[in-house]
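Worksheet: the structure to be examined is printed underneath.
The values are calculated or read from the model by the stated rules, or taken from the named source; none is laboratory data. What you see is a predicted model, and the numbers here were worked out from it, not measured in a lab. Every residue, glycine among them, receives a Cβ derived from its backbone with ideal geometry; neighbour counts consider all protein chains shown. Keep in mind that these areas ignore ligands, DNA and RNA; they rest on the heavy atoms of the full protein, side chains included. Shrake-Rupley method; radii C 1.70, N 1.55, O 1.52, S 1.80 Å.
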Amino acid sequence: MLTYLTLNVHKWKRRPFLFLLLLLLPLLAFLALYPLFKSSVSDIAIPVALVDEDESQWSEIVQERVAQDNRVRIIDMDREKAKVAVQKGDVEAAFVLNQGFMEAIRSGNISDSVQWLRTEQSELDVFVKEQIGAEIMRLALNAKAANTLQNWGANVDWEEAFQHADEYWDPNPLFQMEYIVKTPKQGEAPDVGLAQWMFVVIALFFLYAWLWFISLLKGIVQDEKAGRTARVLFLRSSLTGYYFMHFITFFVVISGSFFLALNGLFYVTNTSQELMTTWNVWSACVLFGTMLLTLIVFLLGKRSSKMLVVITVFTFISFTVNLLPMQPPGVMGALFPHNWLTDLNPWEAGGM
């Protein structure tokens with residue numbers, strides 16, 4: 001049986017650079033793109049339209065303070081353009097500071113001072129809504145403090161009282177939640193699982209390993225066309241050893257590529273040792289099961305190139321379904337190996 005292993009090794013030794021490149025390609029691609037990915041994520045800003053119909057000092061203050069957050073990109077628009085932009089998805093949402101905004105807040109009536117335009121597809125605008133709400137509440141409380149002093153007959157200018165109240169928000173808000181800071185001891189940090197983007201990267205690693213395994217199966221098709229499998233059958237009266245050793249050889253190779261990339265991902269992202277161990281174990285189980293089923297389907301399909309094409313198409317379908325926000329219900333979702341890997345991990349949060 002070791003003869004088959006030796007034959008494959010000799011094939012790869014003829015082009016060692018190509019073999020090494022294929023082995024390390026997922027890891028090298030991830031390491032090359034990871035800095036770009038990090039900077040791209042940090043540069044992403046939520047596009048939000050802001051309609052200032054009041055054009056007052058206070059409406060400008062709200063706009064300036066919200067725009068200071070790098071995660072928000074404020075776009076000035078009129079009401080009609082903002083509605084169209086929201087419907088087309090050009091902006092996440094639109095906030096309209098109604099005419100009389102400053103006077104409404106100054107009098108303490110903030111309920112109808114802002115309109116929030118959004119669609120069912122809007123998701124990230126809640127973050128901006130909270131920011132705008134916080135700034136409006138800040139102005140409203142400052143005005144409330146100034147109005148209270150005026151009502152008490154204090155000999156203080158309204159604007160002076162307003163500015164004095166505003167000083168209590170900087171550098172720390174006047175009203176805030178107090179938290180008890182507790183630094184966990186070594187080994188006590190809670191295991192929170194992997195970030196969502198890491199699931200996509202792992203799915204890509206798995207896709208690469210699966211496709212490489214399929215490409216290696218072409219060698220069996222070539223052996224059959226060249227009559228080599230017929231000679232093996234004549235000499236050994238069975239092809240079981242031939243298929244078994246090819247499977248083991250192919251699995252070891254694609255596993256090396258997959259686990260180098262997987263653990264490179266975990267190392268770069270400082271993933272906990274426990275998560276690394278559990279993910280390696282689960283990935284090995286899924287990878288072995290998927291490759292074994294792939295070989296069985298290939299053999300049942302008469303070891304033809306057409307069957308390899310069908311399996312390749314299914315591989316891409318499995319990857320695509322795994323990326324969908326809405327997974328197929330019930331048994332349908334369980335048909336795809338990518339879902340086994342990322343959704344059924346019994347040790348990962350969200351697993352079975």
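7 Å from Cα along Cα→Cβ at both I248 and V313: what's the point-to-point distance in nm? That separation, rounded to one decimal, is 3.5 nm.
Of the residues L344, L265, ranked by 1.4 Å probe accessible area with the largest first, the sequence reads L344, L265. The label-point distance for R73 and A29, in a model that sets each label 7 Å from Cα toward Cβ, rounds to 2.7 nm. Note that region 199-208 has calculated 3J(HN,Hα) couplings of 5, 5, 5, 5, 4, 5, 4, 5, 4, 4 Hz, one per residue in order, obtained from phi through the Karplus relation 6.51 cos²θ - 1.76 cosθ + 1.60 (θ = phi - 60°); glycine and proline are x.
Across M77, M245, the residue with the most accessible area heads the list, and the full order at a 1.4 Å probe is M77, M245.
Residue separation of S272 and C285 scaled by 0.36 nm, minus their Cα-Cα distance, works out to 2.6 nm of gained length.
Where Lys and Arg each count +1 and Asp and Glu each count -1, what net charge lies around M245 among other residues with Cβ under 13 Å from its Cβ?
Charge balance near M245 sits at 0.
One decimal place: the segment T240-R65 gains 55.9 nm when fully extended, by the rule 0.36 nm per residue minus the C-alpha distance. Extension gain, L21 to E103: 0.36 nm times the residue separation minus the Cα-Cα distance gives 22.8 nm.
The packing ranking of peptides 20-28, 279-287, 200-208, highest mean first, is 200-208, 279-287, 20-28, where packing means the average number of other beta carbon atoms within 10 angstrom of each residue. Taking trypsin sites (Lys or Arg not before Pro) across region 281-324, the ones in a DSSP loop with at most 12 further Cβ atoms lying within 10 angstrom of their Cβ are K302. Ligands, DNA and RNA excluded, the heavy atoms of V331 present near 110 Å² of accessible surface to a 1.4 Å solvent probe. Ranked by the mean number of other Cβ atoms within 10 Å of their residues, highest first, the peptides 222-228, 86-92 come out as 86-92, 222-228.
With every protein chain kept in the model, how would you rank T294, T119, T277 by accessible area, 1.4 Å probe, largest at the top?
From most accessible down to least: T277, T119, T294.
Please list 248-257, 234-243, 60-69 highest first by mean number of surrounding beta-carbon atoms within 10 Å per residue.
Ranking the peptides 248-257, 234-243, 60-69 by packing returns 248-257, 60-69, 234-243.
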